[in-house]
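Shown next, in structure tokens, is the structure this report addresses.
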Amino acid sequence: MSPTLVDHDQADRINPGARPANEETETAAAAHVQSIFNSIAPSYDLLNHLLSMGLDRRWWNRSARTFKPILKDPTARILDLCCGTGDLTAALLALRPSTAEPITGLDFSAQMLARARDKFPAANVLWVEGDAMRLPYPDNSFDLVTSAFGFRNLTNYTAALAEIHRVLAPNGQIGILECNQPDGFSGRLYNLHLHHILPLVGGLISGDRAAYRYLPASIARFPRPPQMLSMLSVAGFTQAAWDGYFLQAAGLYRATKM
């Protein structure tokens, strides 16, 4: 997708961020999201693969390849936010030279990070338990910041983009792989899967039905591509673009800090 011109006013007409139970404060919402992911961590990978029919692996790898020129630079500083159990982190790492600087994988769920460490015990990754809304890094610390299927769980999208912009170095890039809700006939099929099959199967396997009701609700609540592109522009990024993946049920947002 070529760089897109956007309406800056759209950024004021979106949901502020994740609210699993319509919490009134960001603090309460963040605590709820954290508890959800700690709860489903043991079954998270299996369910992702089953419910995406294995497409999640292709999406991680495709997203990583988008940033191959940066990843091939051994001195490039890479941060994978909301890294979960580490699958996008591993896809990024696969394109790094063996002598490259380590990738930083950050998540606020201790249980998800524990799974990442178990899955990739020898990986050249610094696993960090931390808050994506308040990153423990100075300004201009990274050349690439990514996130896969985690950004929508943050409690303030505008503030999160501003924080990413802060820690990116000039000419650094952002890549957010996230779910989308397609329109038309494919959208109706997707909604059937998202709102009926996913909660049923996810709840049965994980034992946490509430968590798998939240996940499709979080996708429905998340800004659509025109709104996200607007938010990226308002946050100070340039060359904002969205690459839609299978049926446009997911896609990669990418932009540059000038």
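The values are calculated or read from the model by the stated rules, or taken from the named source; none is laboratory data. If you're wondering where the values come from, they're calculated on a predicted model, not measured in any experiment. Note: ideal-geometry Cβ built from the backbone for every residue, glycine included; neighbour counts use all protein chains shown. Heavy atoms of the whole protein, side chains included, go into the accessibility calculation; ligands, DNA and RNA do not. Shrake-Rupley method; radii C 1.70, N 1.55, O 1.52, S 1.80 Å.
May I ask for the longest run of the chain untouched by GluC sites (Glu not before Pro) that are loop-located per DSSP and have at most 16 neighbouring C-beta atoms (other than their own) within 10 Å?
Longest stretch, sites excluded: 25-258.
What are the ³J(HN,Hα) couplings of the stretch 234-248, residue after residue, when phi is run through the Karplus curve with 6.51, -1.76, 1.60 and θ = phi - 60°? Round to Hz, x for glycine and proline.
Rounded to whole hertz, the list is 4, 6, x, 7, 10, 6, 5, 8, 10, 9, x, 9, 2, 6, 6.
Just in the stretch 86-136: which trypsin sites (Lys or Arg not before Pro) are loop by DSSP and have at most 11 other Cβ atoms within 10 Å?
Of the trypsin sites (Lys or Arg not before Pro), the ones in loops of the stretch 86-136 whose Cβ has at most 11 other Cβ atoms within 10 Å are Arg134.
Can you give the extra length, in nm with one decimal, that the chain gains between Met53 and Ala210 once fully stretched, where that is 0.36 nm per residue apart less the Cα-Cα distance?
That pair, Met53 and Ala210, stretches by 54.3 nm at full extension.
Karplus couplings for the stretch 124-140 from phi (6.51 cos²θ - 1.76 cosθ + 1.60, θ = phi - 60°), rounded to Hz, Gly and Pro as x?
Using θ = phi - 60°, the values come out as 7, 9, 9, 8, 10, 8, x, 9, 5, 7, 9, 6, x, 9, x, 4, 6 Hz.
Reachable lysines from Lys119, Cα under 30 Å, same-chain residues fewer than 8 places away excluded?
Cross-link targets: Lys68, Lys72.
Measure off 7 Å from each Cα along the Cα-to-Cβ vector at Arg166 and Ala122, then give the distance between these two points in nanometres to one decimal.
If labels sit at Arg166 and Ala122, their model points lie 3.8 nm apart.
Nearest 0.05, what FRET efficiency do Thr158 and Ala28 give at R0 = 25 Å with Cβ-Cβ as r?
Rounded to the nearest 0.05, the efficiency is 0.85.
Can you give me the C-alpha center-to-center distance between the stretch 238-258 and the stretch 43-58, rounded to a whole angstrom?
That distance is 21 Å.
Of all the accessible heavy-atom surface of the stretch 175-254, with the other protein chains kept in place and a 1.4 Å probe, what percent is carbon and sulfur? Please report the intermediate quantities before stating the final value.
On the way: 1980 of 3250 Å².
Reported share for carbon and sulfur atoms: 61 percent.
Would you mind computing, in nm to one decimal, how far apart the modelled labels at Tyr137 and Gln181 are, each placed 7 Å from Cα along Cα→Cβ?
Placing both labels 7 Å along Cα→Cβ, they lie 3.2 nm apart.
How many angstrom lie between the Cα centre of the stretch 197-215 and the Cα centre of the stretch 86-107?
Rounded to whole Å, the Cα centres lie 30 Å apart.
For the chain, with every protein chain kept in place, what is the accessible area per residue (1.4 Å probe, Å²)?
With all protein chains present, the chain gives 44 Å² per residue.
Rounded to the nearest 500, what is the chain's calculated 222 nm mean residue ellipticity when only DSSP H runs of at least 4 contribute -39500 (n - 2.57) each, over all residues? Could you put the intermediate results ahead of the total?
On the way: 10 runs with 111 residues, N = 258.
Mean residue ellipticity at 222 nm (helix-derived): -13000 deg cm²/dmol.
Using the Karplus equation 6.51 cos²θ - 1.76 cosθ + 1.60 (θ = phi - 60°), what ³J(HN,Hα) coupling, rounded to whole Hz, does each residue of the stretch 64-75 give in order, writing x for Gly and Pro?
Going residue by residue, I get 4, 4, 4, 9, 4, x, 6, 5, 6, 7, x, 8 Hz, with x marking Gly and Pro.
Taking every DSSP beta bridge that has both residues in the chain, what percent is antiparallel when rounded to the nearest 5?
Antiparallel bridges: around 40 percent, rounded to the nearest 5.
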